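Structure first, then comments.
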Amino acid sequence: MSTTQDRPLLIAGVEYRSRLIIGSGKYKDFEENLAALEASAAEMITVAIRRVNLGQDKDEPSLLDIISPEKYTILPNTAGCYTAEDAVRTCRMARELLDGHKLVKLEVLGDQKTLYPNVTETLAAAETLVAEGFDVMVYTSDDPLVARRLEEIGCVAVMPLGAPIGSGLGIRNPYNIRMILENAQVPIIVDAGVGTASDASIAMELGCHGVLMNTAIAEARNPVLMASAMRKAVEAGREAYLAGRMPRRLYASASSPVDGTFF
Amino acid sequence: MTIEITVNGKTKTLVAELSLADLLQDLGMTKGRIAVELNGHIVPRSQFSSKTINNLDSIEIVQAIGGG
């Protein structure tokens, strides 16, 4: 029996039971990706938009043949875009590709070594996309003022990085994430930086509404097992957050009563 | 008469002016989820048949692939 009274995660009017969002990059094949998706119990999965390879076998299945948009919420991302213009163009293509689907993950990168977001281009792209009717989940730095500005623009979720994309360094600045959470009226989802299960738990214990990850699962030695671990870690972190942790103390506090000792 | 177009960054010579639907058929892209941009503007699927490809047109055809 569950004793939690948690509400579902609400993004752009849709309720999600899972607070874990996973990616579809770096997997060995579509089947491994699907098995990881099932093990993670995630209901939302990111995809990239790229040129069709003109020489490709037309009977070869595509990602969306294996991971069904009817069953899962597909979150097209703008990964690889370095300008607002390219990101907006990518989102328009994604919307056409997915029959008018409005939910997108906006990410505008600043440089190839850090893959840090270019915040000024991100803000510009967010304004355009919101004006065009997109539901924008936005990848950004862990700057609380930028996060608030993105919310004011009308993004449906703000997704600060925990650490650089694909670095697996965990939540490097939990205090900034806490500041972002304090101001937020929309879901705050840590996107990027998670390396292992405890990192996901830490994000959720801070009060984040969800976690988005790709490499931590796809690059694990056993991605399907790691996907299962991440499901539990996100759930455990969420429950710990809701339960409210005990205060930290410098010194010990005995768990057994002192009264009634016979020695 | 031939026309020259660019499809996904590659130059392609066509023998006659085709519709976008004909071109996609030639490229073997009749099934699967794709989106098409013609000279920077998205062409809705419903207009594939009525859209004619002209000389020097630039076409982008995209799909969803794995990504984070």
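If residue A:37 passes every condition in (1) touching a Phe, Trp or Tyr at 6+ places or on another chain (Cβ under 6 Å); (2) crowded, with 21+ Cβ neighbours inside 10 Å but one, which one does it miss?
Going through the list (1) touching a Phe, Trp or Tyr at 6+ places or on another chain (Cβ under 6 Å); (2) crowded, with 21+ Cβ neighbours inside 10 Å, residue A:37 breaks only (1).
Take segment A:133-185 and flag every residue that is open to solvent by less than 10 Å² (accessible area, probe 1.4 Å) and free of Cβ contacts under 8 Å to residues at least 24 places away in the same chain.
Correct list: A:140 only.
Output the residues belonging to segment A:88-109 that are of a type in the set (Asp, Glu), without any contact (Cβ under 8 Å) to a residue 24 or more places away in the chain and either at positive phi or not in a helix (DSSP H, G or I) (or both). First the steps, then the outcome.
Let us first name the residues in segment A:88-109 that are of a type in the set (Asp, Glu), namely A:96, A:99, A:107.
Still in the list and also without any contact (Cβ under 8 Å) to a residue 24 or more places away in the chain: A:96, A:99.
Matches in segment A:88-109: A:99 only.
Could you tell me whether segment A:35-47 includes any residue that is under 26 Å from residue A:119 (Cα atoms), more than 10 Å from chain B (Cβ to nearest Cβ) and part of a strand (DSSP E or B)? Don't jump to the end; show me each part of the working.
Filtering segment A:35-47 down to residues under 26 Å from residue A:119 (Cα atoms) leaves A:44-47.
Now drop any that are not more than 10 Å from chain B (Cβ to nearest Cβ), which leaves A:44.
Applying the additional criterion that residues be part of a strand (DSSP E or B) yields A:44.
Yes; the residues of segment A:35-47 include at least one that is under 26 Å from residue A:119 (Cα atoms), more than 10 Å from chain B (Cβ to nearest Cβ) and part of a strand (DSSP E or B).
Restricting to segment B:26-38, name every residue that is in contact with a strand residue (DSSP E or B) (Cβ under 9 Å, 6 or more places away or on another chain) and either within 11 Å of chain A (Cβ to nearest Cβ) or open to solvent by 50 Å² or more (accessible area, probe 1.4 Å) (or both). Even if it seems obvious, please write down each step before you answer.
Just the residues of segment B:26-38 that are in contact with a strand residue (DSSP E or B) (Cβ under 9 Å, 6 or more places away or on another chain), to begin with: B:26-27, B:29, B:32-38.
Within segment B:26-38, B:26, B:27, B:29, B:32, B:33, B:34, B:35, B:36, B:37 qualify.
Among the candidates A:63, A:97, which residue alone is open to solvent by less than 10 Å² (accessible area, probe 1.4 Å), touching a helix residue (DSSP H, G or I) at 6+ places or on another chain (Cβ under 7 Å) and within 8 Å of chain B (Cβ to nearest Cβ)? Please lay out each step first, then the result.
Numbers: A:97 fails: touching a helix residue (DSSP H, G or I) at 6+ places or on another chain (Cβ under 7 Å).
Just a single option satisfies the conditions, and that option is A:63.
Residues are listed down the side, and each one gets a yes or a no for (1) on the phi > 0 side of the Ramachandran plot; (2) of a type in the set (Lys, Arg); (3) outside any helix (DSSP H, G or I); (4) in contact with a helix residue (DSSP H, G or I) (Cβ under 8 Å, 6 or more places away or on another chain):
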| position | (1), (2), (3), (4) |
| --- | --- |
| A:190 | no, no, yes, yes |
| A:194 | no, no, yes, yes |
| A:201 | no, no, no, yes |
| A:212 | no, no, yes, no |
| A:220 | no, no, yes, yes |
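For segment A:126-159, which residues satisfy the criterion of being out of contact with any strand residue (DSSP E or B) (no Cβ under 6 Å at 6 or more places or on another chain) and of a type in the set (Gly, Ala, Ser)?
If the condition is that a residue be out of contact with any strand residue (DSSP E or B) (no Cβ under 6 Å at 6 or more places or on another chain) and of a type in the set (Gly, Ala, Ser), then A:131, A:133, A:154 are the ones that fit.
Residues A:104, A:88: which one is among the aliphatic types (A, V, I, L, M), under 27 Å from residue A:126 (Cβ atoms) and out of contact with any strand residue (DSSP E or B) (no Cβ under 6 Å at 6 or more places or on another chain)?
Details: A:104 fails: out of contact with any strand residue (DSSP E or B) (no Cβ under 6 Å at 6 or more places or on another chain).
One residue alone meets the criteria, A:88.
Quick one: is residue A:49 touching a Leu at 6+ places or on another chain (Cβ under 8 Å), within 16 Å of residue A:134 (Cβ to Cβ) and buried (at least 20 other Cβ atoms within 10 Å of the Cβ)? Walk me through it before giving the result.
Values: touching a Leu at 6+ places or on another chain (Cβ under 8 Å): yes; within 16 Å of residue A:134 (Cβ to Cβ): yes; buried (at least 20 other Cβ atoms within 10 Å of the Cβ): yes.
Spelling it out, residue A:49 is indeed touching a Leu at 6+ places or on another chain (Cβ under 8 Å), within 16 Å of residue A:134 (Cβ to Cβ) and buried (at least 20 other Cβ atoms within 10 Å of the Cβ).
Out of (1) touching a strand residue (DSSP E or B) at 6+ places or on another chain (Cβ under 7 Å); (2) of a type in the set (Phe, Trp, Tyr); (3) buried (at least 17 other Cβ atoms within 10 Å of the Cβ), the odd one out for residue A:30 is which?
Every condition holds for residue A:30 apart from (1).
Quick one: in segment B:1-17, which of the residues that are of a type outside the set (D, E, K, R), in contact (Cβ under 8 Å) with a residue 24 or more places away in the chain and more than 9 Å from every other protein chain (Cβ to nearest Cβ) is farthest from residue B:52 (Cα to Cα)?
B:6
So residue B:22 passes all but one of these: (1) under 25 Å from residue A:46 (Cα atoms); (2) away from chain A (no Cβ under 11 Å); (3) of a type in the set (D, E, K, R). Which condition number does it fail?
(1)
Can you say whether residue B:64 is free of Cβ contacts under 8 Å to residues at least 60 places away in the same chain and within 12 Å of chain A (Cβ to nearest Cβ), as far as the supplied structure shows? Give the derivation first.
Values: free of Cβ contacts under 8 Å to residues at least 60 places away in the same chain: yes; within 12 Å of chain A (Cβ to nearest Cβ): yes.
Against the criterion (free of Cβ contacts under 8 Å to residues at least 60 places away in the same chain and within 12 Å of chain A (Cβ to nearest Cβ)), residue B:64 qualifies.
Of everything in segment B:39-53, what is farther than 24 Å from residue A:74 by Cβ, under 11 Å from the mean Cα position of the chain (by Cα), open to solvent by 20 Å² or more (accessible area, probe 1.4 Å) and not hydroxyl-bearing (Ser, Thr, Tyr)? Give them in sequence order.
B:39, B:51
Could you list, in sequence order, the residues of segment A:15-27 that are crowded, with 24+ Cβ neighbours inside 10 Å, at the interface with chain B (Cβ under 10 Å from one of its Cβ atoms) and assigned to a loop (DSSP other than H, G, I, E, B)?
A:23, A:24
What number of residues in segment A:137-155 are more than 13 Å from the chain's Cα centre (by Cα) and either aliphatic (A, V, I, L, M) or outside any helix (DSSP H, G or I) (or both)?
Adding up the residues that qualify gives 10.
The values are calculated or read from the model by the stated rules, or taken from the named source; none is laboratory data. For clarity, every value in this text was computed on a predicted model and none was experimentally measured. Don't worry about glycine lacking a Cβ; one is built from the backbone with ideal geometry, like all the others, and counts go over all protein chains shown. SASA here: full protein model, heavy atoms, side chains in, ligands and nucleic acids out. Shrake-Rupley method; radii C 1.70, N 1.55, O 1.52, S 1.80 Å.
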